[in-house]
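Quick notes on the structure that follows.
The values are calculated or read from the model by the stated rules, or taken from the named source; none is laboratory data. Every value quoted in this text rests on a predicted model; they were computed, and no experiment measured them. Note that each Cβ is placed from the backbone with ideal geometry, even for glycine, and that neighbours are counted across all protein chains shown. To get the accessible areas, we keep the full protein, side chains included, count just its heavy atoms, and leave off ligands, DNA and RNA. Shrake-Rupley method; radii C 1.70, N 1.55, O 1.52, S 1.80 Å.
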Amino acid sequence: RFGRPGVECYCQHESGAAVIQLQFLINEGALVSALSDDSIHLWNLRQKRPAVLHSLKFSKERITFCHLPFQSKWLYIGSERGNIHIVNVESFTLSGYTIMWNKAIELSSKAHPGPVVHISDNPMDEGKLIIGFESGIVVLWDLKSKRADYRYTYDEAIHSVAWHHEGKQFICSHSDGTLTIWNIKSPAKPAQTITPHGKQPKDGKKPEPCKPILKVEYKTTRAGDPFMIFSGGLSYDTVGRRPCLTVMHGKSTAVLEMDYSIVDFLTLCETPYPNDFQEPYAVVVLLEKDLVVIDLAQNGYPIFENPYPMMIHESPVTCCEYLADCPVDLIPALYSVGSRQKRQGYSKKEWPISGGNWGLGTQSYPEIIITGHADGSVKFWDASAIMLQVLYKLKTAKVFEKVRCKEEKPSTEIVDEDPFAIQLMSWCPESRMLCVAGVSAHVIIYRFSKQEITTEVLLEVRLQYELNDLESPEGGGDQTPGTSPSPQTTAPQTHTSTSSNSSDGIRDNIPCLKVRSSPLKQSSGYQVELVVQLVWVSGEPPQQISSLAINSCYGLVVFGNSNGLAVVDYLQKTVLLNLGIMELYSSNDPYQRQLRSPRKSRQPSGGLICIQTCFFLIYYRQTTSEDRCKSPTSVGALPFCVFLSTVLLSVCPPRGSIPQDNRDNSFSRSRSSSVTSIDKEAREAVTSFHFCETYNRKADGGLTSSLWVGTSLGTVLAISLSMPPGGEQRLLQPVIVSPCGTLVRLKGSILRMAFLDSTGSLLPSAFEPWYEPNAPANGEERDKVRKRRPVSVSPSTSQELNENQYAVVCSEKQAKVISLPSQTCVFKHNITETSFVLRADVVQINTGICVACFCANGHIMTLSLPGLRPLLDVNYLPLTDMRIARTFCFTNLGQALYLTSPTEIQRITYSQEVCENLQETLGELFTPVETPEAPNRGFFKGLFGGGAQSLDREDLFGESGAGKAPRSLAQHIPGPGGIEGMKGAASGIVGDLARARIALDERGQKLSDVEERTAAMMASADSFSKHAHEMMLKCKDKKWYQF
């Protein structure tokens, strides 16, 4: 249910049956729903959580159509047998009044008329009911006399019927694409027959049949011609044409194409009275995957811009991130640039659906959800309220060349569909830096700017790196090897060869996607800073990236997979480190690895990649104005491209993970045979990163800028980062990167790492505050000194453990808290033995922090920090879909999120405080409004009886007039609405106390009024008694003739 922007509600019937029709009790705060299991339900919309008040289950009839007249409590229900039953919506009981099909049709007719497809009363005479049967028969039924006044017959099946507001004509839509207009007193033939989309033969014959017109509405206006709006009816020769809604107004006919099939539509009018000029102003169209509202008042019938989050499934969601309590200026900044994005063709009017009121929630912190999609788009959503609102949309595919047809599709693509699909995202909300990894082994770094720029790709340098791949051992125990000194470094060799295919046709040094060569105009918002692509090597495709992280304070991006990792300096546009996993271990590798021979030919599926010459491309932007920074590898202003090499990266799921569902992950198909499975081979992969300032060695006396690396075999390794001074020196001096060896080992793949100070408070990663990157050269923003956020380290308050920091490491099986710099394990907890953790996050709840875990067996668990004491263990949702595993994520303040289906995001909370305030956050669905005044019937119609007959439905349909309906026809089921209403009232404190106070005041006023009236009546009675007594005394002695 949707109301004004920001008001929405989701309800589901317990039976799970499909909803076939909905009927509002207009201005009553109730809704009637009819289901495919032949049940009808009455929903109470006056409470924040709507609930079913009554249900009626039919056992002998199949429900096909329902109709509830305006300001009536009697609901007409048509059945598949052709009968019509009447239900009192107040008590939800059946009336004894029934219209049988054999009484409605001609007595001489031998054929059954078919199911009831339409019921409605005459706008000018509520005692007349029009009934449409599927076979083409329409009956005008007199409710009082219980007989048919007129019968209208057409030789084509009927799909819908609509009245003219004067009640003298009605229109029918048929299965051959025709519309027939009938005068109610001329049943012999239609007054007019129209085939809107049929070809008219010149010889005057009947037009060619068209597709069925499934629904038609006939709406009148005072100032001009009426509107005839219908769905379907297109010619059969329009093969491949999208579903259409046709609007006929006077002599003009507009055909509006829709993106999806039309489920239903409804015309919005100025008046709720059917016997007045309707004055339509919009049409609401429900599509299979969208909701569209068309403006009828503007030329061309533009659509309104949809404020609801219906676009969540515009392209399938492939990954998502959830951030609560983000910087307060972030949502306004995203909304500002998002509102500037071109939205042409929309109506200039405000959204016409304006019912309901916003909730009075006490939530004061902003929340943002980021979704990555299969088409390469990234969307930012404001999730601060119950409803999502789109803030900004980023299209990453704009960086690459477009493929216009399948013939132009390059042979280097490694996926059949969705080559731009987003696989991973890393975001720094304080600096607004964004990094995304795509399924085609590409990484794009974006910087946020409020100004438009035009950029182009330049720079070309190629580096080559030779690496012998070693066999990885079988995985993980609990031993903690000691740290190692810095390993030997290998300098890369520079090559100047170009990317091309080799002479024998083997693809080599070619990226999967081609980056745009023409200048790229980038509007305000996220703008491309750097593009990194892995390339084909000796006929082997690059493999997908499995882990990604960005740090704005250091200006670094790191990504990795089963063969190793690469660290890229996006400020200087250089590669700082490209190492395999075994080189990170250095001389203290705890595993016995054996060298493998180089592979000369391509091995069949499942083989490991051996010696490879591996490359990746780096593209970065150059603004047409003066560069914000210059790369040390640039030569003057000459444009040249950059080639840099690293180990070839491949995607391997963590040990014990569930295989991907090909039906859900369309972008994961058609992978190369070089993709291997962890389940079959003990291949160690990089699974997580964390930038921090900590102690990498036991002997460290101070904090060091570091990158911690987690692997699929449960190992945590450290890389030391020696950062140059800030300012211009940061752009001129190199960042020195040196591996420090192994720190700790856990069971299972490493999922999350975090750091606490000596008091147990969370230490956030250092970040750089956002600044305008495209500010003028002499502007204040240009001169602003950018400083990293200092990481505060409290002095140790413990005399027994003179430690400065704690490292929190969570894997698929267990969690550990490590004391630094001594690297001793102070707390340890085995999370699960029979299952494994899919997602783990270190989150803040109120004043404390904890580790939140979601396991494959459906359990949600939280552990305290630093003690790792279990706080919560709830069997919430068993893993039945890989979509849940891929999208589940925790955030601060006790909330989490995942995709329940390709079109629905589910937000949950495990915080008692949020649960207690949830009722106040919900909006009010029902807001009573003053019912407009009924139209004037006119003097002469009222005088001479030319208008509607007076009809007392209570006398006609009530038990006294119609008797009781058979009990076997339908069963009445009381709903839980009253109980749910009480629960809702109990959970909502502020709003309900206010309502209770108002109710008490009203009751007190009523009681005082009653007391005043009672006192007045007593005084009047006393006065009457006195007057009566005086009269009696006066007349006591008089004779009868003296009166």
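Between residue 1035 and residue 1007, the FRET efficiency from the beta-carbon distance, with R0 = 35 Å, is close to 0.25.
Going by accessible surface with a 1.4 Å probe and the largest first, 924, 930 read 930, 924.
For residue 252 and residue 830, the FRET efficiency from 1/(1 + (r/R0)^6), where r spans their Cβ atoms and R0 equals 60 Å, is about 0.25.
When you filter the trypsin sites (Lys or Arg not before Pro) in the stretch 864-942 for DSSP loop state and at most 14 other Cβ atoms inside 10 Å of their Cβ, you are left with 937. Whole-Hz Karplus values for the stretch 164-176 come out as 7, 5, 7, x, 9, 9, 9, 10, 10, 10, 10, 6, 9 Hz, taken residue by residue from phi with 6.51 cos²θ - 1.76 cosθ + 1.60 and θ = phi - 60°; glycine and proline positions read x.
Among the GluC sites (Glu not before Pro) in the stretch 30-111, those placed in a DSSP loop whose Cβ has at most 15 other Cβ atoms within 10 Å are 80, 90, 106. Taking all protein chains as shown and a probe of 1.4 angstrom, residue 428 keeps an accessible surface of around 10 Å². Computed over the stretch 188-278, the quotient of the alpha carbon radius of gyration and 2.2 N^0.38 Å is 1.22. A full extension of the chain between residue 736 and residue 964 corresponds to an added length of 73.1 nm, given 0.36 nm per residue minus the alpha carbon distance.
Using R₀ = 35 Å, calculate the FRET efficiency as 1/(1 + (r/R₀)^6) where r is the Cβ-Cβ separation of residue 929 and residue 57; round to 0.05. According to the calculation, E is roughly 0.55. Were the residues from residue 846 through residue 90 laid out at 0.36 nm apart, the gain over their Cα-Cα distance would be 267.5 nm.
7 Å from Cα along Cα→Cβ at both residue 147 and residue 264: what's the point-to-point distance in nm? Result for the modelled spin labels: 3.6 nm. For residue 95, the amide hydrogen comes within under 5 Å of the amide hydrogens of 86, 87, 88, counting only partners 5 or more places away or on other chains and with H modelled in the peptide plane.
Mind scanning 103/144; 393/521; 103/146; 379/514; 168/219 and naming the pairs with a C-alpha gap bigger than 18 Å?
The answer is 379/514.
For residue 868, the accessible surface of its heavy atoms amounts to roughly 10 Å² (probe 1.4 Å, protein chains only, rounded to the nearest 10).
The charge dipole of the stretch 141-250, taken about the Cα centre with unit charges on the Cβ atoms of Lys, Arg (+1) and Asp, Glu (-1), comes to about 180 debye, rounded to the nearest 20. Using alpha carbon centroids, what distance separates the stretch 30-87 and the stretch 367-398, in Å? Centre-to-centre (Cα) distance: 39 Å.
When the convex hull of its Cα atoms is viewed from all sides, the stretch 1-40 shows a mean projected area of 3.3 nm². Ordered from highest to lowest accessible area with the whole protein assembly present and a 1.4 Å probe, 1030, 540, 279 read as 1030, 279, 540.
Here the accessible area is traced with a 1.4 Å probe on the protein chains. For the stretch 1-64, carbon and sulfur cover 51 percent of it. When the C-alpha to C-alpha distance is required to be over 24 Å, the pairs from 73/964; 110/199; 60/964 that qualify are 110/199.
Which one, 877, 805, 896, is farthest towards the positive end of the dipole of the stretch 800-928 when Lys and Arg carry +1 and Asp and Glu -1 on their Cβ? Farthest towards the positive end: 805. Applying 0.36 nm per residue to the separation of residue 1026 and residue 972 and subtracting their alpha-carbon distance, the gain on full extension is 13.7 nm.
Backbone N atoms of the stretch 55-74 closer than 18 Å to the 7 Å Cα→Cβ label point of residue 100 belong to residues 60-62.
Rolling a 1.4 Å probe over the protein heavy atoms leaves residue 214 with an accessible area of roughly 100 Å².
Here the label points at residue 305 and residue 329, each 7 Å from Cα along the C-beta direction, are separated by 2.4 nm in the simple model.
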